[in-house]
Amino acid sequence: MASITASHFVSRSSNVCSGAASVDTRANLSQIGLRNHALTHNGLRAVNKVDMLQSRTNTKATAKRSSKQGSGTEMERPSGTIVCGKGMNVILVGTEVGPWSKTGGLGDVLGGLPPALAARGHRVMTVSPRYDQYKDAWDTSVVVEIKVGDKIEIVRFFHCYKRGVDRVFVDHPMFLEKVWGKTASKIYGPKAGQDYLDNELRFSLLCQAALEAPRVLNLNCSEYFSGPYGEDVVFIANDWHTALLPCYLKSMYQSRGIYVNAKVAFCIHNIAYQGRFSFSDFSLLNLPDEYKSSFDFIDGYEKPVKGRKINWMKAGILESHRVVTVSPYYAQELISGVDKGVELDNVLRKTCITGIVNGMDIQEWNPATDKYTDVKYDITTVMDAKPLLKEALQAAVGLPVDRKIPLIGFIGRLEEQKGSDILVAAIHKFIGLDVQIIVLGTGKKEFEQEIEQLEVLYPNKAKGVAKFNVPLAHMITAGADFMLVPSRFEPCGLIQLHAMRYGTVPICASTGGLVDTVKEGYTGFHMGAFNVECDVVDPADVLKIVTTVARALEVYGTLAFAEMIKNCMSQELSWKEPAKKWETLLLSLGAAGSEAGVEGDEIAPLAKENVAAP
Ligand SMILES: Nc1ncnc2c1ncn2[C@@H]1O[C@H](COP(=O)(O)OP(=O)(O)O[C@H]2O[C@H](CO)[C@@H](O)[C@H](O)[C@H]2O)[C@@H](O)[C@H]1O
Ligand SMILES: OC[C@H]1O[C@H](O[C@H]2[C@H](O)[C@@H](O)[C@@H](O[C@H]3[C@H](O)[C@@H](O)[C@@H](O)O[C@@H]3CO)O[C@@H]2CO)[C@H](O)[C@@H](O)[C@@H]1O
């Protein structure tokens, strides 16, 4: 994408728009274009060879489900039992789902939000590619044929049930053969900045498979739900890779009386990646011509081709029933102008966009139980534990071990978005202070080389690790005193949430979700907003980092600093509140079968397992 080059720019939930409310622009169009390959009840041939899951059918659960659908007898509820199955059938679709596949925050969200929705009584499925031979996911033996480009592809579904969520994995060589063994780095292309040439076909296949999954998979792992999800579902499509889902929903299914009540919420995790391709590629998507206008896009850039293009994200925004992003402040930024809206600001102004701040996975990121750290702690023991964890971290990366020296961490994808280039320029200026810094990230080669140079220049003060290293990410989050987040733009940001839960005080740019989640002087230090042009390191931004780091170091070790650590740790940062907001939003779409999920004691065991703070 152009630089925040064409690219990139420019309360916890809010709606912003300047035009009419989100409208389903095609709801009344009668669709033609039946697919020209084998069709059965669902428009695709579902070959349900052996339904291995069927053997686990739970009749009690079936009865509960039936009562929800009004076709059975309401079961008597003994007091104290968990009541689920009154809520929605929610299907989240995405290219990453943590912990199975993750290159960054998208994987975290698809990992953490679904269990929190399940804990509110909804039946929840994720659909994502099977990039690896996941040990915990079984072959359902359910196979469907899907037309992708001009070929019929055979797709198999794998499945596991974890933390109240059906995790469905779409198995096809376009995913497994390319990515096998490299889930953290090769999902989108052979290396950072380089995409697979067939990404449009890969993600077309994902979207179509995701539309099949609720209808063809007979899932019976849950004690509370059984059978296929059916057609009364609401989809959450995530980022440009899933933008075809609402288009296929209408053109292939609703036009033929299938999924008539189904709805789609389209969630933007990062508007910098939009899926812009040659205009002629529209023919690869197998969509009726009347959809062309939703994809039609002209920019001034030459990549991937000069001039007129198709833009997947634009179509996702226009064809979905609701557009969401991952923080209210980012929602405002997106409609503020062409820079921050990355040329989709005008489209978003028309459709409306709602911002809901992400939560974080408080099971994976828990200082009291973290499997990657030697010393466990909570808010009562943090001041004793952190110096020990700092020493362990210093020793692990080869910096001089000294618990008194303030230590700054950085974790992130090394893309322009994250501002690692601005940070490196600032390090040259502040490294003379009494401070150490550890930078962890992977991404663009030039940025990886920059961070790796740090230890050459400042062997006793700085260390750059160009690896995707989850244990080290946890050690930095626990052992550092400060977490630097110098993002040019940041839709929400999870790094600062993880940091605060570990009592590591963020020093952050004032953009996107960083504005919504970090309070100056109370839970962190704000540097101000940075220049969003990605191809310049603005000296003014370098200065902002240097002066704010100096300001933070002055507070380090004082009573005020201890207070900030406690403020950080005493916050509710889990998915619990965001899940409520998502629930309200999804219910407002009126997907059939929707009822508010149950809350409190009745679902306590599930809720505890999924979202409650230990
Ligand atoms: N080298 C490395 N080793 C180990 N772990 C690493 C790592 N580099 C990154 N990570 C991990 O990846 C995740 C990054 O999450 P973020 O939300 O901060 O950013 P990202 O830009 O990827 O996500 C986008 O989507 C999310 C979700 O909506 C938004 O919060 C965000 O603003 C948006 O840009 C964290 O869990 C972090 O620990
Ligand atoms: O979870 C981390 C992020 O994952 C997604 O971003 C990926 C993006 O969607 C892909 O298209 C690709 O981006 C490359 C882009 O296509 C290419 O033209 C060039 O600009 O390089 C980009 C980086 O390689 O990879 C991205 C991950 O690195 C998701 O869309 C984001 O929201 C997440 O932040």
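The values are calculated or read from the model by the stated rules, or taken from the named source; none is laboratory data. Quick caveat: nothing in here was measured; it's all calculated off a predicted structure. Every residue, glycine among them, receives a Cβ derived from its backbone with ideal geometry; neighbour counts consider all protein chains shown. Just so you know, the surface numbers come from the protein's heavy atoms only, side chains and all, with ligands and any DNA or RNA stripped out. Shrake-Rupley method; radii C 1.70, N 1.55, O 1.52, S 1.80 Å.
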Test of understanding: what is the full-extension gain from residue 176 to residue 554, defined as 0.36 nm times their sequence separation minus their Cα-Cα distance? 131.0 nm
Beyond a 32 Å Cα-Cα separation, which of these cross-linked pairs lie in this structure: 191/263; 463/519; 467/581; 314/581; 390/418? 191/263; 467/581
Starting from the Cα gyration tensor of the stretch 325-373, take the square roots of the eigenvalues, sort them a ≥ b ≥ c, and report rounded, prolate or oblate (rounded when a/c is under 1.5, otherwise prolate if a/b is larger than b/c, else oblate). prolate
Dimensions in Å of the stretch 381-572 - Rg and Dmax from alpha carbons: 14.9, 44
Within the stretch 400-433, backbone nitrogen closer than 20 Å to the virtual label 7 Å beyond the Cα of residue 538 toward Cβ: 415-430
Leading residue at positive end of dipole, the stretch 381-572 (Cβ point charges), from 560, 530, 543: 560
For the stretch 156-162, in residue order, the Karplus 3J(HN,Hα) values (coefficients 6.51, -1.76, 1.60; θ = phi - 60°; whole Hz; Gly and Pro = x) are 10, 10, 10, 7, 8, 10, 9
Express in nm, to one decimal, how much length is gained between residue 368 and residue 520 on full extension, taking 0.36 nm for each residue of separation and deducting their alpha carbon distance. 52.1 nm
Just to confirm my numbers, what's the Cα centroid distance between the stretch 307-342 and the stretch 154-225 in Å? 25 Å
So, taking all protein chains as they sit and a 1.4 Å probe, how much accessible area belongs to residue 413, in Å² rounded to tens? 60 Å²
Long-range amide H partners of residue 526, meaning residues 5 or more apart or on another chain whose placed amide H is closer than 5 Å, are 508, 521
I want to check the label-to-label distance for residue 376 and residue 160. Put each point 7 Å from Cα in the C-beta direction and report it in nm to one decimal. 2.2 nm
Built amide H within the under 5 Å cut-off of residue 235, gap 5+: 91, 263, 264, 265
Hey, can you rank 97-103, 405-411 by average C-beta count inside 10 Å, highest first? 405-411, 97-103
Row for the stretch 312-427, column shape: gyration tensor on C-alpha, a ≥ b ≥ c, rounded if a/c < 1.5 i.e. under 1.5, prolate if a/b over b/c, else oblate; value prolate
Expected sort for 472-481, 234-243, 186-195 on mean C-beta neighbours within 10 Å, highest first, is 234-243, 472-481, 186-195
Can you spot the aspartates and glutamates whose alpha carbon is less than 19 Å from residue 580's alpha carbon? Ignore those fewer than 8 places along the same chain. 108, 361, 516, 572, 595, 599, 601, 602, 609
Length gained if residue 278 through residue 15 is fully extended, taking 0.36 nm per residue and subtracting the Cα-Cα distance, is 91.4 nm
Label 7 Å along Cα→Cβ of residue 402; the stretch 425-458 residues with amide nitrogen under 16 Å? 430-438, 458
Name the residue from 324, 396, 382 whose Cα lies farthest towards the positive end of the charge dipole of the stretch 297-440, charges +1 on Cβ of Lys and Arg and -1 on Cβ of Asp and Glu. 324
Using Cα pairs closer than 8 Å and at least 6 residues apart in sequence, work out the relative contact order for the stretch 440-595, in percent. 17 percent
Per residue, in Å², the accessible surface of the stretch 381-572 once ligands and nucleic acids are set aside, probe 1.4 Å: 35 Å²
Taking the Cβ-Cβ separation of residue 456 and residue 346 as r and a Förster radius of 35 Å, what is the calculated FRET efficiency to the nearest 0.05? 0.15
